[in-house]
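Working notes, structure below.
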Amino acid sequence: MAREITGFSNPLVKRVRSLREKKHRKAEGLFLAEGLRILTEAREEGVLPEMLFHAGSTHPLALDLIDAMEATGGDVIETTPDILSKISGKDNAQAVVGVYRDRLTPLDTLDRSKADIWIVAQSLRDPGNLGTILRTGDAVGAGGLILIDDCVDPFSVESVRASMGALFTQSITQARWDDFLPWLRQGPGELIGTSLKATQDYQEPRYASPSFLLVGNEAQGLPESYEAECDQLVKMPMLGKADSLNAAVATAVMAYELLNQKRRR
């Protein structure tokens, strides 16, 4: 049975609201996701929230979520639109907000054989880019996203929102470079980086599988020592005045080149 919360001072509202801050997400191992599309995407992947907040929505997708939660003994809380706004931090709150257990996959448990393409992001700072890269990974059938060094939190509200549900279809791993590189070299896998200093066009090589596409920081790109470890270092043609592409756009261009090569084999 659903329970009802209508008071802003309710301890659970305060606790869930605190998940908008990284320190509280890390302490509890929980994160927020909002909106019928994202929560439905998660349910289709077999992932239900630990808590589901709604404001009396009668949308069929919301009712399906509520039924699925109640069937598994999940915690369903009916509240007001104002409290949903307080929880989500948005004036025009979505119809539903879910509280999920974080979805990190340890590096040593990754099965590199399950996909031909993997995306590796180093010191990525923008949550919008991270979410878009997750969506790209989903679109090309990547195995997951490996976050290297100090990246933006993949479970921030902004990252989750930008992923449009791909957070639940892609595995997410966090690792230091000094741990990732030995792991990579222990098995098959080609490391592919992009750099303005590269002399090879991105369409020239025939990439091996699995391919690990290494994306650098938005402002600085990849450190030289990281570039030196790449099996392939390539660049995309820049015919206008811009000297580089947005990190998420560059990732999409490269990911589709990898996909198209594998489709033509």
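The values are calculated or read from the model by the stated rules, or taken from the named source; none is laboratory data. Everything numeric in this text was worked out from a predicted model, so none of it was measured. Because the Cβ atoms are built from the backbone with ideal geometry, glycine has one as well, and the counts that use them run over all protein chains shown. For the accessible areas, the whole protein counts, side chains as well, though only heavy atoms, and no ligand, DNA or RNA atoms are used. Shrake-Rupley method; radii C 1.70, N 1.55, O 1.52, S 1.80 Å.
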### Message
Checking the conditions here, which among ALA68, ALA121, ALA62 is open to solvent by 10 Å² or more (accessible area, probe 1.4 Å) and either of a type outside the set (D, E, K, R) or not in a loop (DSSP other than H, G, I, E, B) (or both)?
### Response
ALA68
### Query
If you go through region 125-139 one residue at a time, do you hit one that is assigned to a loop (DSSP other than H, G, I, E, B), under 20 Å from LYS23 (Cα atoms) and over 14 Å from the mean Cα position of the chain (by Cα)?
no
#### Entry: Top-ranked residue of region 48-58 - restricted to ones that are assigned to a loop (DSSP other than H, G, I, E, B) and within 22 Å of THR169 (Cβ to Cβ), ranked as least open to solvent (accessible area, probe 1.4 Å)
PRO49
### Query
With respect to VAL97, is the statement that it is buried (at least 21 other Cβ atoms within 10 Å of the Cβ), assigned to a strand (DSSP E or B) and in the same structural domain as ILE38 (by the TED database) true?
yes
### Query
Mind checking whether some residue in region 35-43 is over 14 Å from TYR100 (Cβ atoms) and touching a residue at least 60 places away in the same chain (Cβ under 8 Å)?
yes
### Task
Working only within region 154-210, note down all residues that are within 30 Å of LYS241 (Cβ to Cβ), among the hydrophobic types (A, V, I, L, M, F, W, C) and part of a loop (DSSP other than H, G, I, E, B).
LEU196, ALA198
### Task
Kindly check whether there is at least one residue in region 192-204 that is within 20 Å of the chain's Cα centre (by Cα), open to solvent by 10 Å² or more (accessible area, probe 1.4 Å) and either more than 20 Å from LEU124 (Cα to Cα) or among the aliphatic types (A, V, I, L, M) (or both).
no
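I'd like to verify a number: residues in region 181-193 that are touching a strand residue (DSSP E or B) at 6+ places or on another chain (Cβ under 6 Å) and either under 18 Å from ALA252 (Cβ atoms) or not acidic (Asp, Glu) (or both), how many?
Looking only at that region, the number is 4.
Conditions tested, residue by residue: (1) under 19 Å from the mean Cα position of the chain (by Cα); (2) at pLDDT 95 or above.
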{"site": "GLY7", "(1), (2)": "no, no"}
{"site": "LEU36", "(1), (2)": "yes, no"}
{"site": "ALA55", "(1), (2)": "no, no"}
{"site": "GLU78", "(1), (2)": "no, no"}
{"site": "SER85", "(1), (2)": "no, no"}
{"site": "LYS90", "(1), (2)": "no, no"}
{"site": "VAL99", "(1), (2)": "yes, yes"}
{"site": "LEU107", "(1), (2)": "yes, yes"}
{"site": "LEU110", "(1), (2)": "yes, yes"}
### Query
Would it be correct to say that GLU34 is open to solvent by 70 Å² or more (accessible area, probe 1.4 Å) and not assigned by the TED database to the domain that holds TYR207?
no
### Message
Take the residues in region 215-254 that are touching a Leu at 6+ places or on another chain (Cβ under 6 Å) and crowded, with 20+ Cβ neighbours inside 10 Å; name whichever of them is farthest from ALA121 (Cα to Cα).
### Response
MET254
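Against the condition touching a Lys or Arg at 6+ places or on another chain (Cβ under 9 Å) and open to solvent by 30 Å² or more (accessible area, probe 1.4 Å), how does LEU84 come out, does it pass? Full working, then the answer.
Numbers: touching a Lys or Arg at 6+ places or on another chain (Cβ under 9 Å): yes; open to solvent by 30 Å² or more (accessible area, probe 1.4 Å): no.
So LEU84 does not fit the description; no.
State all residues of region 170-184 that are farther than 13 Å from ALA121 by Cβ and open to solvent by less than 40 Å² (accessible area, probe 1.4 Å); if no residue qualifies, say none. Spell out how you get there, then give the answer.
Quick first cut of region 170-184, residues farther than 13 Å from ALA121 by Cβ only: 171, 176, 178-179, 181-184.
Correct list: SER171, LEU181, TRP183, LEU184.
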### Query
How about region 205-235: which of its residues are within 17 Å of ILE117 (Cα to Cα) and hydroxyl-bearing (Ser, Thr, Tyr)?
TYR207, SER209, SER211
